[in-house]
Amino acid sequence: MASKLKKYLYLPLVLARHGSLSPTEVSLPVTGHRIALNPRDDRAYKKIVMDSARKRVSTPMQFWRDHVTHLKPALCADIGANYGECTAFARYAAGTTCLTIEANPTLLPYLQKTRALHPDSEKIVLESCLLGDADKQESALYFHETWTGGGSAVEAHADMTKATVTTRTMDSLIAQHRIDAKGPFVFKMDVEGYEGKVIAGFSNLFTRDDVAGILEFDTDMLTRAGTDPKALFETLAARFSVYLTAKKNKTLRKIARWNDLCALHKGERFHCDLAVFSRPSSIAPGWLATDY
C-alpha cells in the first residue's frame, strides 16, 4: 500500500519530467542519455521512471559512470543489465568495449533500442545469455513479468515465468569478441545470487592488473544458488581490496575479513553491495575509501 501511495504522489512529477505518465523512453539524470523501458514493469517504473523524475542516481550507476570515466577501460561489463541503466549512464572512450549482458530474453528489444539511442552505440555489445561457470549449455531462468529485477537461475517463487536460456562464461565472451584480456576492466554485477557462478567462469578477472567492480552480495540468494558466501568473499579478498559501499554517498569502507563484514550486519545473513579494486589508483576521484 505504501509503495502504491508513493507512486501516486509522484505522478505529477513524472508527468512534468517525462511528458507522460507511462513513458516508453526516459532521459537519465545528469547525462540526459535516453533509455527504453516497459512502463508496465513495476521495477522499471520505480527504478527508472520515478527515480529519474526525482533526479536520483543509484550507487551502482554512479560507480559505473565514475570508474568507466576514470579508467577508460579496455572492457567494461554490465552483468545483469536489466534495462541497461548503467550502460546508458556513461560515455565510452575509443578502444573501450562495453559488454551489456542480460539473461531475461524479454528485455532484449528494450536494450537494443537503448543501445541505438546511445551516442557511443558502436562500442556497446549486447549479449542475451545467462552468465555462469559453464559455456553454451541450456538453463532455466525464472522471472516476474511485472518486476523484472528479480530474474534468476534459481527458482524462488512458484508464480515466476520460466524461460530456457543459453549459458556463457565471461572467459568465453572475451575470447569470442577478441577483447583485450589484460587492459583495465570495470564491471557491475547483479545476477540475483549467481555472482559466484559468474566469477567461477571468469578466470581472466584475476589476471588483470587494473580492476574496479561493484557487485550485489546477498547471502541467502548466493546460498540458494549453491555458493558459499564466505568462500566467495575470501576468493575476492585474496586478490582485491574489498569495500562495503554506502547507499547515499560515495563512501567505501574497507573490509579485510569475513568476520568484520558479518559484524557490521549483525550476523551471517545480509544483503549489500561490495566494491573490489586491484589497486588504490583504480578508485575514481570523488570516492572516499576508509578503513574498517
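Please list, ordered by residue number, the helices (runs of 4 or more DSSP H) wholly in the stretch 98-217 having 1 or more residues that are farther than 21 Å from I48 by Cα, in the same structural domain as L71 (by TED's automatic domain parsing) and among the charged types (D, E, K, R). Please lay out each step first, then the result.
On the way: elements: 108-117, 170-176, 195-200.
Output list reads 170-176, 195-200.
Using beta carbons and a limit of 8 Å, which pairs, at least six apart or on different chains, have the first residue in the stretch 10-21 and under 12 Å from P39 (Cβ atoms) and the second one at pLDDT below 95 and exposed (fewer than 14 other Cβ atoms within 10 Å of the Cβ)?
Pairs that qualify, where the first residue is under 12 Å from P39 (Cβ atoms) and the partner is at pLDDT below 95 and exposed (fewer than 14 other Cβ atoms within 10 Å of the Cβ), are L21/L11.
What helices (runs of 4 or more DSSP H), lying completely within the stretch 1-80, carry at least 3 residues that are in the same structural domain as K197 (by TED's automatic domain parsing), surrounded by fewer than 20 Cβ atoms within 10 Å (Cβ to Cβ) and of a type in the set (S, T, N, Q)? Quick ask: steps written out before the conclusion?
Numbers: elements: 2-9, 11-18, 59-71.
Per the criteria, no element qualifies.
Quickly run through the stretch 81-97 and pick out the residues that are hydroxyl-bearing (S, T, Y), in a loop (DSSP other than H, G, I, E, B) and surrounded by fewer than 23 Cβ atoms within 10 Å (Cβ to Cβ).
Correct list: Y92 only.
Output the residue which, of all residues in the stretch 98-123 that are touching a helix residue (DSSP H, G or I) at 6+ places or on another chain (Cβ under 7 Å) and of a type outside the set (V, I, T), is surrounded by the most Cβ atoms within 10 Å (Cβ to Cβ). Explain how you work it out, then say what you get.
First, pick out the residues of the stretch 98-123 that are touching a helix residue (DSSP H, G or I) at 6+ places or on another chain (Cβ under 7 Å): 98-100, 102, 114-115, 118, 121.
Imposing the further condition that a residue be of a type outside the set (V, I, T) reduces the set to 98-99, 102, 115, 118, 121.
Numbers: C98: 26, L99: 22, E102: 28, R115: 21, H118: 23, S121: 13.
Per the stated criteria, the residue is E102.
Quick check, is F217 closer than 24 Å to T148 by Cα and aromatic (F, W, Y)?
Values: closer than 24 Å to T148 by Cα: yes; aromatic (F, W, Y): yes.
Yes.
Quick one: what pairs do we get from the stretch 212-229, first residue farther than 30 Å from H70 by Cα, second among the acidic types (D, E) and crowded, with 21+ Cβ neighbours inside 10 Å, C-beta under 6 Å, 6+ apart or different chains?
Between residues of the stretch 212-229 that are farther than 30 Å from H70 by Cα and residues that are among the acidic types (D, E) and crowded, with 21+ Cβ neighbours inside 10 Å, the close pairs are M221/E192.
Being of a type in the set (G, A, S) and within 16 Å of F63 (Cβ to Cβ) is the filter here, so list the residues in the stretch 251-280 that pass it. So that I can check it myself, show each step before the final result.
Taking the stretch 251-280 as the starting set, the residues that turn out to be of a type in the set (G, A, S) are 256, 263, 267, 275, 278.
A275, S278 - these are the residues of the stretch 251-280 that are of a type in the set (G, A, S) and within 16 Å of F63 (Cβ to Cβ).
One residue is enough: does the stretch 170-187 have a residue meeting the conditions more than 24 Å from K72 (Cα to Cα) and either exposed (fewer than 15 other Cβ atoms within 10 Å of the Cβ) or touching a Leu at 6+ places or on another chain (Cβ under 6 Å) (or both)?
Residues of the stretch 170-187 that are more than 24 Å from K72 (Cα to Cα), as a first pass: none.
Checking the stretch 170-187: not a single residue is more than 24 Å from K72 (Cα to Cα) and either exposed (fewer than 15 other Cβ atoms within 10 Å of the Cβ) or touching a Leu at 6+ places or on another chain (Cβ under 6 Å) (or both).
I need the full set of residues from the stretch 132-153 which are crowded, with 21+ Cβ neighbours inside 10 Å and farther than 23 Å from K47 by Cα, in order please.
Passing the criteria: only G132.
If you take just the strands (runs of 3 or more DSSP E) that sit entirely in the stretch 227-292, which of them hold at least 1 residues that are out of contact with any Cys (no Cβ under 8 Å at 6 or more places or on another chain) and surrounded by 20 or more Cβ atoms within 10 Å (Cβ to Cβ)?
On the way: elements: 241-245, 251-254, 271-277, 288-290.
Hits in the stretch 227-292: 241-245, 251-254, 271-277.
The values are calculated or read from the model by the stated rules, or taken from the named source; none is laboratory data. None of these values were measured; they are calculated from a predicted model. Here the Cβ is made from the backbone with ideal geometry for all residues, glycine too, and neighbour counts use every protein chain on show.
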